[in-house]
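Shown next, in structure tokens, is the structure this report addresses.
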Amino acid sequence: MKRTFLGWEEPVLVTTAKWLLANFKDLSDVKVVVRGSRAGRRLLERLAVEADKMKRPLFLPQISTIAQVVEGLFDAPEGILPSASDLVQKLAWMEALRRVPKGEKSKLFVLPEGIGQGGDPELLLGSRLQKLWNELGGEGRSFADVGRMIEEKMPEAPESESERWHLLEEVYRDYGKILNKLGWMDPAERRNLLAEKGKVKDVQVVLVGVVEILPIFLKMLGALPQSPQVLIFAPETEQKGFDEYGRLNVQVWAKRSSGLNGGEIHPVVRAADQSARLAEMAKKWPGATLAIPEESAVAGIREALRDGGMDSHWAEGKRMAEGRVATFLRAVVDYASRKPGEAPSWESAALLMRHLDGLGEQLKASADLDKYAEEHVPQKMDPPPGSLEGEWVAKLERKIGFVPAVESASNQASKITAMLSQVYGSLEVNVDMPSGRMMRDSLQKARKVMAELGSCSLPYLEKIGAADYLRLVLSEMEDCQVPEPARAGAVEMVGWLELAEEDSPSVAVASFHEGAVPTSVTSDEFLPGNLREILGVNDNERRLARDAYALAVILGTRAEGRGIVGLVVPSFNSAGDPVKPSRLLLGGLQGESLAARVLALTEKESKEKKFERLASGRGFGALAAGEEKISRVSVTGFRDYLMSPRYFYFSKVLRLGTVEDEPGELSAAGFGTLIHRVAGSFAREVGLRESIREEEIFTFLQAELNRLAKERFRKEPKAAVGWQLELAEERLKAFARVQARERAAGWKIVLTEDEGVKKNPAEIDLKDSQGRSLTVYGRPDRMDRNEQTGRWRIVDIKTSATPKLPERAHQQADGTWKDLQMPLYRELAPIVLGGEGKDWDAGKCDLVYFQLPKDVDKSGISKPMEESTVLGALEKAKEVAGSILDGKWDEIGELDTEMTHPTFLALCGLAGIPQSVQDDEAED
């Protein structure tokens, strides 16, 4: 075995290309093994460049990863079966799991809640076992080996743990038999057979910077008549860090000092800081390459680059799961996850309708669905026959032409193919665009998977539901990457492990913290960190050594002025969780050096960026005078203006509205509206509203609640809605008790919200200080009059969790106004009463709340609002009227972030998006 240390004086692939050209006149018979496919492509490019410089012909080598090359090194002995594909392996694992007795299966897995109810648990579990076996089989370990190791090395482990692994060994044997019956063999088993019985080919293999080689691959390489040439990306002074095959000596690299200097480390606070810092580096360092260990950080970094006027290219591309075809098929899966003849769930049908390839292009469909959902909170998509929503359901079924059923895999493939042809067949796409390429590749992959499923003869596939069939298709296509086309001048972004082979002189690494560099495994349900260490299977120390070596290559090839390296170390990851700096930043340091490094990681810049919620509506300028004004406002609109003029502008002037498209339950407002409707129905019963009998009143209220519930929520309301109906019944029982008592005390209902003046809102002209008029309209919930005293009262029904006095609901203790509703109702009262208000006297009218809080024992009529508060509110109303007429929408005010819809919060700059400000700005 000959090792060659290429050093760090040049980029590693440049040195590799020169070495290959210098040592082989004809590379066409050489098998070059690289760490990953990107390294292979870059090496080909570099070979072409170097050959051109040398003015010599280039006979290209066969470049591949070690997993791709090893089986081609042997001629298979007679009778050996071919390797099964990933899909066939998965199907065999699933079939083997189905054969495990029910009582035994519980020893293998603790099923997550919900698995098996809306899908096939064997798909999830089979996929997990497939990955587990790929790890163990590659390391030359069996499931039984793990069971024995647990018995010997982990005496504290429960007996059931070793039993689980021995049972997995039995499942594996069944898996192998199933594969063989299908005409295939497990790849790990086949490689072992090839190494033992296969005829070795006389080929030259060159290992290029491959520092991790599984034992089975070593066994196969060791059988070659020509020993592989091993190229190591390191100077000869680092030879203790590698074995004869160029694999890492884990102990050496895990303890090696990184050799970093302070200038290469860039501590930041949040993910937004990190993105800004990387964009700054990319602008200052032309041609820089960025390494992104956490894929979740990519979007934010790309946005920061765009803001800086820079294009970017993410080498990993996009997963098919993010594409239009996969999201459509996932929506179809949810839609089809039901028994034959059963209506689909509301959420699944609504999701499919809103998808661009469902009925998403028809905005009216979404609007109608939103209204229906908000009103009825449906569990199933089963609107009444002939309804508008029912017509949309029929249109959806006609468009996709798909009726879910249990059939053979070949029949399912025919139906899915017909559906995809109907949905996408007439579309014209530009495959030069990323979206067009994604659609083309996704459809091709789906077709390929369905063809492979059709070639497998398994009992499971002879009778399979449409949803389960599509889940199989999606499981094979969703993780496939669709590469982005390279763009001239774009900032190159690669994964962390690809950076060592990049030749850009300037590089910056994001997310240089624990969990990203290096990654770690602690909570794996089969192979937690401590068991991995005992088995020597891709444990955390090996990951640390691998990343320490990668960092050494990155720094070494750019040392002595050959380039620039920047490591960005955030205190919080892209999910907002606090993280520790990577151990690699402290590796090998002691004493003062260690203290200095820790201090450098915790120091903040003198102009450190702090974060606050967006304030003062930054990003939304004040509305210019004379544009978009309003001259008519509801009584409740004053509350919105007092809370936030900007919110008032969006909701009342522009009339933007929000809906809950998939409500799981009645909103607080919806719950209150339901009780208002029941109470309103009672108040309109002229005879019944005279009753002083609590039982009689409640009997009506209960019946009316049930009637409205059936009308709104149909036969099967959601569980949460059912619970809310029970709560509503409790509140209505309290209403009956208070109403009976109040009627006995002489208070008689005179008018309800729906009665009088032809049921239209009453209006008044409210004059501001300049004499201008703002039309104000509205109607109170009801008006009562006491037969004994002749006093009037305006009643507003409140269902908030805790009771509030009208005084405090309208004005805070410091005098700040929050609402003007009840005093304005008093101004409207004469018009509302019409003929009933001949002897109306505003001075003899109380403004009260009919309180129905969560604690029903506290239900009752509130204390009336003080007259001084009423008069103050009316003065404030004139002031607000002037501001509305002037179109003053600039102030954001104090929006309640819990009660205000996120869309409005975002429009007002208060959606929780951090905005950076300098220290002196923050102090101001």
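The values are calculated or read from the model by the stated rules, or taken from the named source; none is laboratory data. Quick caveat: nothing in here was measured; it's all calculated off a predicted structure. Quick reminder, even Gly has a Cβ in these numbers, built from the backbone with ideal geometry, and neighbours come from all protein chains shown. Please note that ligands, DNA and RNA were not included when accessible areas were found on the heavy atoms of the full protein model with its side chains. Shrake-Rupley method; radii C 1.70, N 1.55, O 1.52, S 1.80 Å.
List of remarks:
- Which listed residue, of Glu807, Glu879, Glu827, Glu836, is farther than 30 Å from Ile630 by Cα, open to solvent by 10 Å² or more (accessible area, probe 1.4 Å) and not small (Gly, Ala, Ser): Glu836
- Residue list for the stretch 224-258, restricted to those being open to solvent by less than 10 Å² (accessible area, probe 1.4 Å) and more than 19 Å from Lys31 (Cα to Cα): Ala234, Gly241, Trp253
- Among the residues of the stretch 536-575, those that are outside any loop (DSSP other than H, G, I, E, B), over 30 Å from the mean Cα position of the chain (by Cα), buried (at least 19 other Cβ atoms within 10 Å of the Cβ) and of a type in the set (Val, Ile, Thr) comprise Val553, Ile554, Val565.
- Counted residues, the stretch 5-18 - those being open to solvent by less than 40 Å² (accessible area, probe 1.4 Å) and assigned to a helix (DSSP H, G or I): 6
- Where a residue in the stretch 834-849 is more than 14 Å from Asn786 (Cα to Cα) and modelled with pLDDT under 95 and its partner, wherever it lies, is assigned to a helix (DSSP H, G or I) and not hydrophobic (A, V, I, L, M, F, W, C), with Cβ under 7 Å and at least six apart: Ala842/Arg826
- Yes/no for Arg46 being within 28 Å of Glu135 (Cα to Cα), assigned to a helix (DSSP H, G or I) and either open to solvent by 50 Å² or more (accessible area, probe 1.4 Å) or basic (Lys, Arg) (or both): no
- Flag: Ala709 matches the condition of being open to solvent by less than 70 Å² (accessible area, probe 1.4 Å), closer than 20 Å to Ala373 by Cβ and free of Cβ contacts under 8 Å to residues at least 24 places away in the same chain.
- Flag for Ala669 being hydrophobic (A, V, I, L, M, F, W, C), assigned to a helix (DSSP H, G or I) and either open to solvent by less than 50 Å² (accessible area, probe 1.4 Å) or in contact with a Leu (Cβ under 6 Å, 6 or more places away or on another chain) (or both): no
- Taken as a whole, the structure places Ala343 among residues that are outside any helix (DSSP H, G or I) and among the hydrophobic types (A, V, I, L, M, F, W, C).
- Restricting attention to the stretch 672-701, the residues being under 30 Å from Trp346 (Cβ atoms) and open to solvent by 20 Å² or more (accessible area, probe 1.4 Å) number 3.
- Condition broken by Leu774, with the remaining ones in (1) assigned to a strand (DSSP E or B); (2) closer than 22 Å to Ala679 by Cα satisfied: (2)
- Set side by side, the residues Glu533, Glu525, Glu484 differ, and just one is under 30 Å from Ala157 (Cα atoms), within 26 Å of the chain's Cα centre (by Cα) and not hydrophobic (A, V, I, L, M, F, W, C), which is Glu525.
- The residue pairs whose first member lies in the stretch 344-360 and is in contact (Cβ under 8 Å) with a residue 12 or more places away in the chain, whose second member is surrounded by fewer than 22 Cβ atoms within 10 Å (Cβ to Cβ) and part of a strand (DSSP E or B), and whose beta carbons are closer than 9 Å, counting only pairs six or more residues apart or on different chains, are Pro344/Lys380; Ser345/Lys380; Trp346/Lys380; Ala349/Lys380.
- Per the conditions (1) under 25 Å from Asp479 (Cβ atoms); (2) out of contact with any strand residue (DSSP E or B) (no Cβ under 8 Å at 6 or more places or on another chain), the sole criterion not satisfied by Ala349 is (1).
- Conditions (1) part of a loop (DSSP other than H, G, I, E, B); (2) open to solvent by 50 Å² or more (accessible area, probe 1.4 Å); number of the one not met by Gly515: (2)
- Of Arg173, Arg141, all but one fail to be more than 37 Å from the chain's Cα centre (by Cα), at pLDDT 90 or above and either surrounded by 15 or more Cβ atoms within 10 Å (Cβ to Cβ) or closer than 27 Å to Tyr460 by Cα (or both); the exception is Arg173.
- Residues of the stretch 479-533 satisfying the condition of being among the small types (Gly, Ala, Ser) and in contact with a Ser or Thr (Cβ under 7 Å, 6 or more places away or on another chain): Ala490, Ser504, Gly529
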